[in-house]
Amino acid sequence: MNFEINNLIRENIKKLTPYSSARDEFSGEAKVFLDANENSLGSPLPKWYNRYPDPHQLQLKEKISIVKNVAIKNIFLGNGSDECIDLLYRIFCEPKKDNVIIFPPTYGMYEVSGNINDIEVRKALLLDDFQLDLIHLENLIDANTKIIWICSPNNPTGNSLNIEDIEFILNNFNGIVVIDEAYINFSKQHSFISALNDYPNLVIIQTLSKAWGLAALRVGMAFASTEIIDVFNKIKPPYNINQATQELAIKALEEVGQVNDMVRELVAMKVALIKVFQQIPIIEKVYSSDTNFLLIKIKDARKVYEFLLTKGIVVRDRSNVKLCDNCLRITVGTEKENTLLIDALINYLEINSL
């Protein structure tokens, strides 16, 4: 495979002169900052929130570098993974000309972001076992295919995709291959981060929203070659990760042990939920999951969904998604929440068996 990143980047991006913020133009130590038009008198909040944050998030990247065993130069941080997704479209895909490929059912923002950027989104439906259909994929690829989006473990199905299939794509596709590993902490499969040096066309997306429990902070991470990361940094908004988020994320990343404990507890509760679900007659199938959620096939899914709402329990109805007919996606909750869910399902069963 002859991969050349300059053949993929949009011409306007190559020619772009990036915005240079006040903090980009200064380096070193100083006592008086009169360069960024900040409020020099402070703010109603404590500390120094009147100052713009580090546009390069170096302290946060240092922590992530240690936890993920990735060099800082190979890390990009986005305002949630959704910013990483959007920027990939902006970097590599020419509107009304290029196309990308997704594998439904999968995370919906790949398609939404493609539509926002006016990019054709081609769909290679997963096989019945929720694995990649490589033959269909091959038939969809043409000279204008710039990105292949792979979610593994996949959302909403919960399963990990076959490593051999992903490696086949990486070895044979000359465009960008994005592997979204939002749920990788819950999976027995290893992250593709260790393969970054082997594949210059690989971009890995992860998040602090799931296993790390920082959904409110909106920290998405992209790992890639320095050439790709450099373009990310060229086009991103100057201060896309705010100061409070940077501080809190740094503090959280010091608690790796606590996060590992939470992951083990969630996985154990998931296993317990599976055993209970398998005993409930209206649940026809519990799909294999390497995530912190379960996809279940259940009789009259919409009716069950609406009944659960009357009990104050919100799950996700995925019945309108291809291959997920009569399926609910259920996040593993606390022990108390899981008990309330099971009690509600049993109550539904009792009412509807009269």
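Quick one: Cα centre-to-centre distance for region 77-151 and region 299-350, in angstrom?
Rounded to whole Å, the Cα centres lie 30 Å apart.
List the DSSP H helices in the chain whose Cα atoms stretch 30 Å or more along the helix axis and whose mean Kyte-Doolittle hydropathy is at least -0.5. It would help to have the intermediate numbers written out before the result.
Values: long enough: 256-277 (31 Å, 0.95).
Correct list, ordered by number: 256-277.
Taking N as the number of residues in region 257-352, what value does Rg over Cα atoms divided by 2.2 N^0.38 Å take?
Compactness ratio reported: 1.06.
Note the full-extension length gain between Lys234 and Leu127 as 0.36 nm times their separation in residues minus their Cα-Cα distance, in nm to one decimal.
34.7 nm
Decide, for region 68-217, between rounded, prolate and oblate: order the square roots of the alpha carbon gyration tensor eigenvalues as a ≥ b ≥ c, take rounded if a/c falls under 1.5, and otherwise choose prolate if a/b is larger than b/c, else oblate.
rounded
Checking the cross-link filter: which aspartates and glutamates have an alpha carbon closer than 19 Å to that of Lys303, excluding same-chain neighbours under 8 positions apart?
Once the sequence-local aspartates and glutamates are set aside, what remains near Lys303 is Glu284, Asp317, Asp325, Asp343, Glu350.
Is there a quick way to get the dipole size of region 39-133? I mean about its Cα centre, with the Cβ of Lys and Arg at +1 and of Asp and Glu at -1; what is the value in debye to the nearest 20?
Value, rounded to 20: 620 debye.
Using the Cα centre as the reference, give the magnitude of the dipole from point charges on the C-beta atoms of region 224-354 (Lys, Arg: +1; Asp, Glu: -1; all else neutral), rounded to the nearest 20 debye.
Taking the Cα centre of region 224-354 as origin, the dipole is about 480 debye.
Within region 62-158, report the trypsin sites (Lys or Arg not before Pro) that DSSP leaves as loop and that have at most 10 other Cβ atoms within 10 Å.
Lys96
Of Lys311/Lys336; Lys210/Lys285; Lys210/Lys299; Lys210/Lys236, which ones are farther than 18 Å apart at the Cα?
Beyond 18 Å between Cα atoms: Lys210/Lys285; Lys210/Lys299; Lys210/Lys236.
Just flag the trypsin sites (Lys or Arg not before Pro) in region 148-226 sitting in loop per DSSP whose Cβ has no more than 16 other Cβ atoms within 10 Å.
Listed in order of number, the matching sites are Lys188.
Taking the structure as given and computing Kirkwood radius over Cα pairs in Å, which label from (i) 21.4; (ii) 22.2; (iii) 20.8 fits?
The value matching this structure is (ii).
Could you give the size of the charge dipole of the chain about its Cα centre, using +1 on the Cβ of each K and R and -1 on the Cβ of each D and E, expressed in debye and rounded to the nearest 20?
Magnitude of the dipole: close to 620 debye.
Non-local amide H neighbours of Gln189 (under 5 Å, H modeled in plane, Pro and chain starts lacking H): which ones?
For Gln189, no residues qualify.
Which cysteines does the chain leave without a neighbouring Cys Cβ under 4.7 Å?
So, Cys84, Cys93, Cys151.
Bear in mind these aren't lab numbers, they're just calculated from the coordinates by the rules spelled out. None of the values given here were measured: they were computed from a predicted structure. We place every Cβ from the backbone using ideal geometry, glycine too, and count neighbours over all the protein chains shown.
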